[in-house]
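Notes for the one structure printed next.
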Amino acid sequence: MQQTGDPSSKEDMESYGQAVQKRLGKNIKVIYKFSTGDPLANILDICEELKPDMVVMGTEGVNGELDQLMDSLTSQVIQLAELPILAIPKGTFYEPIEHVVFATNFEGDSLEILDKLQEFTNLLGARISCIHIKNGHKGWDMLQLELFNDLYQRKVTTKGLEFYLQAYPDMVEGLNDFMKMKGGDILTMIQREKEVIRPELEKSLIKEMALHTQKPLLTFQKEAIGQLIS
């Protein structure tokens, strides 16, 4: 067990670790660190040092200055970390993950990414719904969705895989509403370094979802999606 910082903080973390193990009924090794300085830089440094499979962070909802700082930090880690990030909104209670919603634009390497995501959801015994939120339906959008659906259904035999195209003036609100309507347990988004179309829009949407998500948000860098299934 690694530790730095003042004694009271160490005692608090030890008590917290013991409480978690008691609640889970498992003896889990806990490594904890305390650091000062820039939180973002420290988190990224620790990720590089410890090389975890995933980083879990909380979101508070933008209610005050402290909440804004916390949520901004989470969104920055999502943007910059090269590993999966799970952002959990305040007040979320654990439920088995049975329905994973994948927010996608059905462009470029979506088939390859969906293959990897499907391997992950198979481990959970979960089904996948793919959703693309648009500001308005266009004929090309519907054709694109039909082509993607046809191509993927020919490629895999997974039952229960569904594709949706939904018109909504606000994408964040649209994704949250879709999660409620379809009973999604977790929302998944891919953070690409080089998106095929409108990279600034994709990054902005992921940032906004980190700030305003009502369900757990699991984000991957495209290259990191295999970490959870390796």
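The values are calculated or read from the model by the stated rules, or taken from the named source; none is laboratory data. All values reported here derive from a predicted model rather than from experimental measurement. In this analysis, Cβ positions are derived from the backbone assuming ideal geometry, glycine residues included, and neighbour counts consider all displayed protein chains. Calculation scope for accessible area: heavy atoms of the full protein, side chains included, ligands and nucleic acids excluded. Shrake-Rupley method; radii C 1.70, N 1.55, O 1.52, S 1.80 Å.
Brief remarks on what is shown
- Among the residues of segment 111-169, just one is modelled with pLDDT of 75 or more, basic (K, R) and part of a helix (DSSP H, G or I), namely K116.
- Considering segment 82-101, the residues that are more than 18 Å from M181 (Cα to Cα) and β-branched (V, I, T) include one that is farthest from the chain's Cα centre (by Cα), namely I88.
- Scanning segment 28-44 for residues that are at pLDDT 80 or above, exposed (fewer than 14 other Cβ atoms within 10 Å of the Cβ) and not hydroxyl-bearing (S, T, Y) returns G37, D38, A41.
Here is a yes/no grid of residues against (1) touching an Asp or Glu at 6+ places or on another chain (Cβ under 6 Å); (2) open to solvent by 60 Å² or more (accessible area, probe 1.4 Å); (3) at pLDDT 90 or above:
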residue: D177; (1), (2), (3): no, no, yes
residue: T188; (1), (2), (3): no, no, yes
residue: R198; (1), (2), (3): no, yes, no
residue: S204; (1), (2), (3): no, no, no
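- Verdict on A81 being surrounded by 19 or more Cβ atoms within 10 Å (Cβ to Cβ) and farther than 13 Å from M209 by Cα: yes
- Just one residue in the set S72, S15 is at pLDDT below 80, open to solvent by less than 80 Å² (accessible area, probe 1.4 Å) and among the hydroxyl-bearing types (S, T, Y); that residue is S72.
- A Cβ distance below 7 Å, combined with a sequence gap of six or more or placement on separate chains, defines the contacts here; from segment 173-184, residues that are at negative phi reach no residue that is in a helix (DSSP H, G or I) and modelled with pLDDT of 95 or more.
- Residue tally, condition at pLDDT below 85 and in contact with a strand residue (DSSP E or B) (Cβ under 6 Å, 6 or more places away or on another chain), over segment 88-104: 1
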